[in-house]
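Down below is the structure, laid out as structure tokens.
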Amino acid sequence: DDYMAKIQNGCGGSVDVIVHLAALSSPGYCENNPKDAWKVNCPLELYRFSLEVGAPIIYVSTDQVYEGTKKFYVEDIDETLPVNVYGRTKLAFERVLLGKDPLLNEREMGGSEVCREHVTNFSKIASPLKNVDSNSSQRVPKSIILRSSLILGPPTPLKNGCKKGSFPSFLQFIHHRLETGQSTDYFVNEFRSVVFVEDVIDSIRHFLNNSLG
């Protein structure tokens, strides 16, 4: 509640749109800290806040909502099947914004009892929020979900860089290894699509200017 108040105060008491960029995006960290991952990546407090102020949400999700065994996924056709906690938490909040229940089905939970517990708890909180009267001003008029692949770009302006758990971002990690001359083993059976950070910003700007007016 305190950080929500800070957000509203920082906006002068009025919020037009919420762009959610925060994430615990290190798969390893999310596996070891599922409670933190669910809180940050499936932010029901933020969703409740958006209802209170009537502000739409632009939510940056991930390509890791898919199983990753093929290329060129088509969002309206291909099945979502995340294989890690990170992908599950991001998919769950997509479902919150879309008003879908359950947040994850049995296949998407992957037989994880920890995941099932979190899905059950979050569904109990999310369900009443979805039943807001359509005539009420306390509802999200529109929400937009953008599924991004691996984002590449220059170093962040933050003092400690862009951290993934206890590790820097992928490019910063490579840069550090090259600078220090350390030998590094990489995956040879994984292919990732990448997107330039400026293109992500342009996409967000497009929806801000054309879809949420």
Using a 10 Å cut-off on Cβ atoms, rank the peptides 68-75, 43-50 from the highest mean neighbour count down. 43-50, 68-75
Let me make sure I get this right: for region 71-128, a, b and c are the square roots of the gyration tensor eigenvalues over alpha carbons, sorted descending. Under 1.5 in a/c it's rounded, otherwise prolate if a/b > b/c, else oblate. Which is it? oblate
In order over region 56-72: 3J(HN,Hα) from phi, Karplus 6.51/-1.76/1.60, θ = phi - 60°, whole Hz, x for each Gly or Pro, gives x, 10, 9, 10, 8, 9, 8, 6, 7, 6, 9, 5, x, 9, 9, 10, 6
A correct Karplus calculation of ³J(HN,Hα) over region 92-104, with 6.51 cos²θ - 1.76 cosθ + 1.60, θ = phi - 60°, whole Hz and x for Gly and Pro, returns 4, 6, 4, 5, 4, 5, 7, x, 9, 9, x, 5, 9
Would you pull out the residues with amide H under 5 Å of Val19's amide H, same chain only if 5 or more places away, H placed 1.01 Å from N? Ile58
Between Ser148 and residues 5 or more places away or on another chain, the pairs with built amide H atoms under 5 Å apart involve Ser61, Thr62, Asp63
Interchain or sequence-distant (5+) residues whose placed amide H lies within less than 5 Å of the amide H of Lys142 are Ile57
Cα-Cα over 25 Å: which of Lys6/Lys124; Lys35/Lys142; Lys6/Lys35; Lys35/Lys71? Lys6/Lys124; Lys35/Lys142; Lys35/Lys71
Would you mind counting up the charge near Arg205? Only other residues with Cβ under 12 Å from its Cβ, with Lys and Arg at +1 and Asp and Glu at -1. -3
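Every number here is computed from the coordinates shown, using simple stated rules; none is lab data. Nothing here was measured: the structure is a model prediction, and the numbers come from that model. Ideal geometry is used to build each Cβ from the backbone, glycine not excepted, and the neighbour counts take in all protein chains shown.
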